[in-house]
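Read the structure below first, then the notes.
Just so it is clear, none of the values below were taken in a lab; they were calculated from the coordinates. Here the structure is a predicted model, which is why all the values come from computation and not from measurement. In this analysis, Cβ positions are derived from the backbone assuming ideal geometry, glycine residues included, and neighbour counts consider all displayed protein chains.
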Amino acid sequence: MIVQPVMTRVLIIEGEMKQYRVPFYEGLFAALRSAGIRLQVAYSEPRASERAKQDQSTLPDECGIKIAGYWFFNKLLLQPLFRQIALADLVISDEGNRFLMKHLLLPFSAFKLKKLALWGLGENKQPDRLAVSEWYKLKVLRWITWWFAYTPGTVEYLIRHGFPRHRITMVQNAVDTRRIRQWITGFGEYEALAARAAIAIPPSAPVGVYCGTLDKVKNIPFLVESATMVRRKIPDFHLVIAGSGSDVPYLEEQVALNREWLHWVGPKFGKDKALVFKTADICLMPGRVGLGILDSLAAGLPLVTTRISIHTPEVEYLEDGYNGLMTEPNPEAYAHAVIRLLSTPNELRRLKAGAQTSSEKYSIEAMVDNFHRGIQDCLSGN
């Protein structure tokens, strides 16, 4: 009788599955399997507010498990994963306090009865954050077995609040930049011109693009106001907006008023999103910057944003004056920077080159390697 070796099991808990996460989890599943580790990623259906963004996906059954999610007060999420948690040698949860299973596991982690790791951005900089929630996260910080930190800034935040450096893995949060570059370089000149023509943009017109969710933290009204100023100085300027969210009604009104130069193309993903970037000269994101910066860099487009406190850690990937620009948070200053950049071809080419070079630093492959190494370190107790 042949006894099959018992595989080490790792369970990752997500609230929902975003499209941009699928390549990462597929890569991590394959990497861990080659090391004799069985990965399972649990996730649930999104809330209505998230569903409106139309950016959800699913994982293959071999690595994903879709579990019922029960929301309480629209704030707390219970995912009944008791069996999966019992079988897992390591549980990795999103850091959010909304995950009730994380709180149930904290005492077990504190007494070293179950390895519990968190991953995420660390400091919550959102304006609607609750002080008591942030206090609680710091109070239980030392109960966690391991931390998978998005960026070097997240690592610094954790160390500053007493979490041991040797129990942190910096994963370098990313999207599949290589695939984006392949799509964009694969488009011919005809395809880019055809995409412009489809929404009535002349071949030589300067184009700014915004691609992301359309909600309050992205400050779409600021974007439209500053773009209007750019249009006054550069009469053939066009702005293309791709995405969906709560600000769709506002955007529809603005498109109706500025039909000749403001274009909303709805949510775009994969190759369709890459084609939107292919038509543009510059990426505009005055509100909160997150992983969307990597779409911009992979497309070889400089990103222009503002100095605000609510950016996610990925804003660290922006190097002001090298692969993008950061202005003061007012429409006039923002518009002035965009006008100057679009009016200075040599400077625009320089920042585009910086964006292209930067995109090669951040990849799904590097993120998988970092996460894989961190999981093995955590399991071995290093």
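Data overview
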read-out: Proximal charge balance of Leu100 [Cβ under 13 Å; K/R count +1, D/E count -1]; value: +2
read-out: Share of pairwise Cα separations in segment 35-186, more than 27 Å, in percent; value: 30
read-out: Computed magnitude of the charge dipole of segment 246-325 (debye, nearest 20; Cβ of K, R +1, Cβ of D, E -1); value: 180
read-out: Segment 122-185 - percent relative contact order, Cα under 8 Å, separation 6 or more; value: 33
read-out: In Hz, Karplus ³J(HN,Hα) per residue of segment 96-113 (6.51, -1.76, 1.60; θ = phi - 60°; x = Gly, Pro); value: x, 5, 6, 7, 5, 4, 4, 5, 5, 7, 4, x, 5, 5, 4, 9, 6, 8
read-out: Correct choice for Rg/Rh (Cα atoms, Kirkwood Rh) that was computed from the model, options (1) 1.06; (2) 1.02; (3) 0.99; value: (3)
read-out: Given charges at Cβ of Lys, Arg, Asp, Glu: the chain dipole, positive-most of Pro345, Leu141, Cys211; value: Leu141
read-out: Beta bridges per DSSP with both ends in segment 177-359, % antiparallel, nearest 5; value: 0
read-out: Debye, to nearest 20: dipole size of the chain, +1 on Lys, Arg Cβ, -1 on Asp, Glu Cβ; value: 920
read-out: Residue exposure sequence - Asp281, Asp320 - by fewest surrounding Cβ within 10 Å; value: Asp320, Asp281
read-out: Packing-based exposure ordering (other Cβ within 10 Å, fewest first) of Arg83, Arg349; value: Arg83, Arg349
read-out: Mean separation of Cα contacts under 8 Å, 6 or more apart, over the residue count of the chain: relative contact order %; value: 17
read-out: Built amide H within the under 5 Å cut-off of Phe237, gap 5+; value: none
read-out: For Ile65, residues with placed amide H under 5 Å, excluding near neighbours; value: Val41, Ala42, Tyr43
read-out: If the convex hull is drawn through the Cα atoms of segment 177-359, its volume per residue in Å³; value: 101
read-out: Sorted peptide list for 44-52, 210-218, 362-370, 263-271, criterion being average Cβ within 10 angstrom, highest first; value: 210-218, 362-370, 263-271, 44-52
read-out: Inter-part distance where segment 338-382 and segment 206-237 are each reduced to a Cα centre, Å; value: 24
read-out: Estimated distance in nm for a label pair at Leu257 and Ala110, the labels positioned 7 Å out from Cα along Cα-to-Cβ; value: 5.4
read-out: Phi-based couplings in Hz for segment 11-28 (Karplus 6.51, -1.76, 1.60; Gly and Pro marked x); value: 10, 10, 10, 10, x, 8, 10, 7, 4, 5, 7, 4, x, 5, 5, 5, x, 5
read-out: Additional length obtainable on full extension of the chain from Glu191 to Glu347, 0.36 nm per residue less Cα span; value: 53.6 nm
read-out: Assigned charges on the beta-carbon of Lys, Arg, Asp, Glu; segment 204-272 dipole about Cα centre (debye); value: 200
read-out: Relative contact order for segment 177-359, counting Cα pairs under 8 Å that sit 6 or more residues apart, in percent; value: 24
read-out: Approximate spin-label separation Ala366-Ala131, in nm, with each point projected 7 Å along Cα-to-Cβ; value: 3.9
read-out: Neighbour-count order for Ile241, Ile234, fewest beta carbons within 10 angstrom listed first; value: Ile234, Ile241
read-out: Under-5 Å amide H pairs with Lys115, H placed in peptide plane, nonlocal only; value: Val91
read-out: For segment 232-247, 3J(HN,Hα) per residue [Karplus equation, 6.51 cos²θ - 1.76 cosθ + 1.60, θ = phi - 60°, Hz, x = Gly/Pro]; value: 5, 8, 10, x, 9, 5, 10, 10, 10, 10, 10, x, 8, x, 5, 8
read-out: DSSP-defined antiparallel bridges as percent of all bridges, the chain, nearest 5; value: 10
